[in-house]
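Before any comments, here is the structure.
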Amino acid sequence: MNLVTVCGHNTTMLRHMLNHYKDIVDDIFVVVYLSSDKDRVLSEVKEITRDLNIDIHRQTVEEPFNWERVTELYNETKLLKPNDWWVVSDDDEFHLYPKPISELIEDCEENGYKFITGAFLDRIGDGGKFPNITDDSDIWKEFPLVGSFRYPVSNACPNKTVVMKGDIPVTNGQHYAWVDFEDTYGDRWNHSLRYPIEKCFIQVHHFKWDLSVLRRMKEVVSIKEDYTFHAEYKRMFDYILDNNMKIDITDKRFMIERCKKNFNDYSQWDVVRQESIDYRV
């Protein structure tokens, strides 16, 4: 079992994310996505990985915010071990599984499944505010609230393909698997290679909403309007600006409640799961 993450632009959550996965995978592949040869992110990633005794697999200088290229880097890395199982995770995504991942993989091997799907749950700070996160923060306490903010505000895809064989490519944003020259979107939820969604739908706890998110979103929306995901980011950024720089935790659309670090803590997971399955662009 391997983990691959493509990191760049911001490293606030990277140390916490690597610590979250390091005991459930055998090998970690960190790909550093740089916007220039002088990008400060490289030194930050080197410090974090050195502290955790993890090697940087690859570093590459690319066009800023080119999500198509990010997707290529995920798929290229997984193909290094095409027959292995891989956890695919951005540096602010923390998976929670309904049972040990080793048991999920055993189920897959016995039944011929090659990928497992999940959906986002947004982790939110007290009062809907954006906490300042450091390397010493307990992020599960800093973000005690859970809900679905990103999807209802921006119509951003809530689905993620999170665990898969190395020879199963993912689409942009790692939202869907790409099998037999088509993605597994829409009416293809019952694809024979997917772990049945009625048996397992993995929670992707999204620690995006820290103090640095406003700067990061502003940078994205400043890029040309036809850029990938520009419209989604602009809707979220405009919402925050219009709501006194915080998330309205009383808005019933977001289904926000207080939760700890357990798959069964969030009482409205079945609702979020169904919304994700029903999602269409």
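Anything in the stretch 145-161 that is of a type in the set (A, V, I, L, M, F, W, C), assigned to a strand (DSSP E or B) and either touching a Phe, Trp or Tyr at 6+ places or on another chain (Cβ under 7 Å) or buried (at least 24 other Cβ atoms within 10 Å of the Cβ) (or both)? List them, or say none.
Filtering the stretch 145-161 for residues of a type in the set (A, V, I, L, M, F, W, C) gives 145-146, 149, 153, 156-157.
Narrowing the set further to residues that are assigned to a strand (DSSP E or B) leaves 145-146.
Matches in the stretch 145-161: VAL146 only.
Summed over the stretch 188-210, residues that are under 18 Å from the mean Cα position of the chain (by Cα) and assigned to a loop (DSSP other than H, G, I, E, B) total 6. Close contacts from the stretch 231-254, counting a first residue that is under 10 Å from VAL221 (Cα atoms) and modelled with pLDDT under 95 and a second that is of a type in the set (A, V, I, L, M, F, W, C) and not in a helix (DSSP H, G or I), with Cβ to Cβ under 6 Å and a gap of 6+ residues or different chains, come to GLU232/ALA156. Just to be sure, is VAL87 at pLDDT 95 or above and aliphatic (A, V, I, L, M)? Spelling it out, VAL87 is indeed at pLDDT 95 or above and aliphatic (A, V, I, L, M).
Can you tell me which residues in the stretch 57-105 are exposed (fewer than 15 other Cβ atoms within 10 Å of the Cβ), within 20 Å of HIS20 (Cβ to Cβ) and among the hydroxyl-bearing types (Ser, Thr, Tyr)? Within the stretch 57-105, SER102 is the sole residue that qualifies. Restricting attention to the stretch 25-38, the residues that are more than 15 Å from VAL70 (Cβ to Cβ) and at pLDDT below 95 add up to 3.
Of a type in the set (A, V, I, L, M), closer than 16 Å to PHE115 by Cα and at pLDDT 95 or above: does that describe VAL272? Outline the logic, then answer.
On the way: of a type in the set (A, V, I, L, M): yes; closer than 16 Å to PHE115 by Cα: no; at pLDDT 95 or above: yes.
No: the conditions fail for VAL272.
Of all residues in the stretch 54-71, those that are within 16 Å of GLY173 (Cα to Cα) have Cβ atoms under 8 Å from Cβ atoms of residues that are outside any loop (DSSP other than H, G, I, E, B) and of a type in the set (Ser, Thr, Tyr), 6 or more apart or on another chain, in ARG69/TYR33; VAL70/TYR33. With the structure loaded, tell me whether ARG150 is closer than 17 Å to ILE256 by Cβ, charged (D, E, K, R) and under 18 Å from the mean Cα position of the chain (by Cα) or whether it fails that test. Here the answer is yes, as ARG150 does meet what is asked. Picking from residues in the stretch 223-281 that are among the β-branched types (Val, Ile, Thr) and farther than 15 Å from PHE120 by Cα, the one that is surrounded by the fewest Cβ atoms within 10 Å (Cβ to Cβ) is VAL281.
Considering only the stretch 216-225, I want to know if a residue exists there that is over 20 Å from ASN132 (Cα atoms), more than 19 Å from the chain's Cα centre (by Cα) and either of a type in the set (Val, Ile, Thr) or at pLDDT 85 or above (or both). Talk me through it step by step, then tell me what you get.
Taking the stretch 216-225 first, the residues over 20 Å from ASN132 (Cα atoms) are 220-225.
From the residues that got through so far, the ones that are more than 19 Å from the chain's Cα centre (by Cα) too are 221-225.
Checking which are either of a type in the set (Val, Ile, Thr) or at pLDDT 85 or above (or both) leaves us with 221, 223.
So far as the stretch 216-225 goes, yes, one or more of its residues are over 20 Å from ASN132 (Cα atoms), more than 19 Å from the chain's Cα centre (by Cα) and either of a type in the set (Val, Ile, Thr) or at pLDDT 85 or above (or both).
Would you be able to say whether some residue in the stretch 135-143 is over 28 Å from ASN2 (Cα atoms), at pLDDT 95 or above and among the polar types (S, T, N, Q)? Among the residues of the stretch 135-143, not one is over 28 Å from ASN2 (Cα atoms), at pLDDT 95 or above and among the polar types (S, T, N, Q), which makes the answer no.
Yes or no, residue by residue, for (1) hydroxyl-bearing (Ser, Thr, Tyr); (2) in a helix (DSSP H, G or I); (3) under 17 Å from SER148 (Cβ atoms):
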site	(1), (2), (3)
LEU214	no, yes, no
MET217	no, yes, no
VAL220	no, yes, no
ASP238	no, yes, no
ASN244	no, no, no
ASP248	no, no, yes
LYS260	no, no, no
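The values are calculated or read from the model by the stated rules, or taken from the named source; none is laboratory data. Since this is a predicted model, take the numbers as computed values, not measurements. Note that each Cβ is placed from the backbone with ideal geometry, even for glycine, and that neighbours are counted across all protein chains shown.
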